Amino acid sequence: MALFSDVMCCRPDSATAEEKESLLPKKKVDLFSLAKGQQNYESLDYDKYPNVPYMEKMHSLTTRSRILLNAFRWITVAAIGFSTGLVAFFIDYIVMHLNDLKYSTLKHAINVTYPAGHIILSLLVLLAFNLSFGCIAGLLTLIEPVAAGSGIPEIKCFLNGIKVPHVTRLFTLVAKAIGVLFSVAGGFFVGKEGPMIHSGAIIGAGLPQFRSMAFKWFDLRLPFFRSDRDIRDFVSSGAAAGVAAAFGAPIGGVLFSLEEGSSFWNQALTWRTLFCSMCATFSLNLFLSGVTQNNWYSLDQPGLVNFGVFRVRKSVL
């Protein structure tokens, strides 16, 4: 019985509160530092409040004004699609020329060092190119940290009501586009597909505002599309255009934005997003076919992911 009582006394359940507090690790949470780190994050207002001024403004719109506003909305999503396609073309075109420069220099170095038995020096040339490209891309992410990575999580946050600082700024687009082209040209394990989603979303957020926070002098002062709800819809279309430009799949871009990106959707947004994705695919296809192949009518390069041109050979009997 004495042994049994000693065992019972050593059970953790019989320990006092002071003993438990001394055994458990103490974790201090600095609430001031936590709030300070999150003070730059804001919530976006995606709901409509049917108050009196809002209802008076809606009733004051005539049928002609509604038609013109809807037509201007379609023109805006078309401009977003074309701009996203041009950004994708710029990235692909510069990557192609950087690769040509790197491999032509490497070929020349091999031809010079191989007869003397110093071919290892040519590999140092390749290493110097890759490190230089990587340093340029890394420097851009140090200047604008939100441009690092694919940007898909940040855009998902924006589409679901969380405004991440600098996520839709013009300089973020510049850092993202230049950084990804140097990263791809440097031979890193990255792709152009994820950053295109972020680039398209930035274009969708900035182009309908017709003003720039980076360039204060550019402000057309148009009273359209100023609510968070309108910006959210254009960002959804821009993200879908980025997917369409990357993979040459307009329907895939709509499905990505509908299923993976936004939690707020409507039927009219589906058709506008599809139209925006089609414009992005067409503009990228047009410029890739015309500039790289000097054939503006072929339209055989729908996206950045290229599996080659498939043609049917004529059999000779």
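The values are calculated or read from the model by the stated rules, or taken from the named source; none is laboratory data. The model shown is predicted, which means the values in this text are computed figures rather than measured ones. When we count neighbours, we look across all protein chains shown, and the Cβ atoms used for this are built from the backbone with ideal geometry, even at glycine. Heads up: the accessible areas ignore ligands, DNA and RNA and are worked out on the full protein's heavy atoms, side chains in. Shrake-Rupley method; radii C 1.70, N 1.55, O 1.52, S 1.80 Å.
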**Request:** State whether the residues of the stretch 201-211 include one that is without any contact (Cβ under 8 Å) to a residue 40 or more places away in the chain, open to solvent by 40 Å² or more (accessible area, probe 1.4 Å) and either among the polar types (S, T, N, Q) or in contact with a strand residue (DSSP E or B) (Cβ under 7 Å, 6 or more places away or on another chain) (or both).
**Result:** yes
**All positions within the stretch 159-185 that are in contact (Cβ under 8 Å) with a residue 60 or more places away in the chain and touching a Ser or Thr at 6+ places or on another chain (Cβ under 9 Å)** = 159, 160, 161, 162, 163, 173, 177, 180, 182
**Request:** Output yes when any residue across the stretch 145-158 is closer than 19 Å to residue 128 by Cα, open to solvent by less than 10 Å² (accessible area, probe 1.4 Å) and either without any contact (Cβ under 8 Å) to a residue 24 or more places away in the chain or part of a loop (DSSP other than H, G, I, E, B) (or both), and no when none is.
**Result:** no
**Item:** Of all residues making up the stretch 250-294, the number that are under 17 Å from residue 233 (Cβ atoms) and either hydroxyl-bearing (Ser, Thr, Tyr) or outside any helix (DSSP H, G or I) (or both)
**Value:** 9
**Sole residue being open to solvent by 20 Å² or more (accessible area, probe 1.4 Å) and modelled with pLDDT of 90 or more, chosen from 121, 140, 170, 126** = 140
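This table checks each residue for (1) among the hydrophobic types (A, V, I, L, M, F, W, C); (2) touching a residue at least 12 places away in the same chain (Cβ under 8 Å).
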residue: 232; (1), (2): no, yes
residue: 235; (1), (2): yes, yes
residue: 254; (1), (2): yes, yes
residue: 259; (1), (2): no, no
residue: 277; (1), (2): no, yes
residue: 290; (1), (2): no, no
**Leading residue by the ranking (most open to solvent (accessible area, probe 1.4 Å)) among those in the stretch 39-82 that are in a helix (DSSP H, G or I) and polar (S, T, N, Q)** = 63
**Prompt:** In the stretch 216-249, what count of residues is obtained for those that are in contact with a helix residue (DSSP H, G or I) (Cβ under 8 Å, 6 or more places away or on another chain), within 17 Å of residue 168 (Cβ to Cβ) and assigned to a loop (DSSP other than H, G, I, E, B)?
**Reply:** 2
